[in-house]
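Chemist: I'd like to ask some things about the structure below.
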Amino acid sequence: MSYVNFDNEPLMFNDDFIIRESTLTLLTNGNGTLTADKLTGMPGDTVVLVPTNSSYYRFNSYSVTGGTIENNVFTFGYTDATACANFGANYFTVSGGFKESNSYVNSTGGTAYNPVTQYLVVRGISGDVPSGWFKRGGSSYSGWSPWQANDYSISLNLRARVDIDIYANIGLGGKNQYGGSAWVSGYFNNGLNNTDVESFSFSDYDQDITHISTSWYYSKDVTTTDQRVSVYAGDPYAMGIRLSANVVNYTAPGYYWTAAARINSAGNTGTWTATGIAP
């Protein structure tokens, strides 16, 4: 069969088609570009399409007339054609919990202090999220620190449990009137500063009580739009628990105090969810 350039539609002549070369017009919905390695062809000819999204958008689908598209390959039909690349906003949802910790502080004299940082652990991802936002890296995606997200928000359920024990250990000798205390606090760090601070103190200075204990729960629900101010600034979001124990002993022989505070991982039930549009 020989080809003859003619007007738009194929014509029948003595049971044979006289077929013209068709033209492909490339279109987008305005949120990216579409290119092709050629724009004309005969029926059955193919063209490789290359959609390129604008920042904060991702390629979603094609709309096509006058041919077919499969796996970014357009196949000409018998008429002039259009191929439109459709792009949509790169919405994401990321969720998870907090890194578990059994950290503790213990004192038998003086003050002992232990600040504990519990970074966010990513457990679910929907959308195309930049790898640099998982700032601490690793296969567990430990650490979440977004930058330049649009329409961003994160909701956090901050939960922690601290068990506190104060002992008056009586051996040989007399008693004294001094004892032990523990001070603990919880807070949320948005990568730049601490917010939503809550504190608790517990003490025993009664020489007739040999052991007291309690559990303190940090429980805060926080929603914020805070992000890193630059690609270099700020640590990942974190829940912080400060543990402090203090013991005051005088020289009464055989009588001493112990103060201890420990994070109980059973209370690490916090969750968080972040949403927005990623570049």
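Chemist: Given (1) more than 30 Å from V248 (Cα to Cα); (2) out of contact with any Lys or Arg (no Cβ under 8 Å at 6 or more places or on another chain); (3) crowded, with 18+ Cβ neighbours inside 10 Å, identify the lone condition not met by A112.
Modeler: (1)
Chemist: Considering every residue within segment 191-209, establish whether at least one is at pLDDT 90 or above and at positive phi.
Modeler: Checking segment 191-209: at least one residue is at pLDDT 90 or above and at positive phi.
Chemist: Considering only residues that are at pLDDT 95 or above and among the aliphatic types (A, V, I, L, M), look in segment 1-41 and name the one that is nearest to G127 (Cα to Cα).
Modeler: Per the criteria, the residue is L34.
Chemist: So, one more: Only one of these conditions is not met by A83: (1) under 21 Å from D128 (Cβ atoms); (2) modelled with pLDDT of 95 or more. Which number is it?
Modeler: (1)
The values are calculated or read from the model by the stated rules, or taken from the named source; none is laboratory data. Here the structure is a predicted model, which is why all the values come from computation and not from measurement. For neighbour counting, all protein chains shown are included, and Cβ atoms are generated from backbone atoms with ideal geometry for every residue, glycine included.
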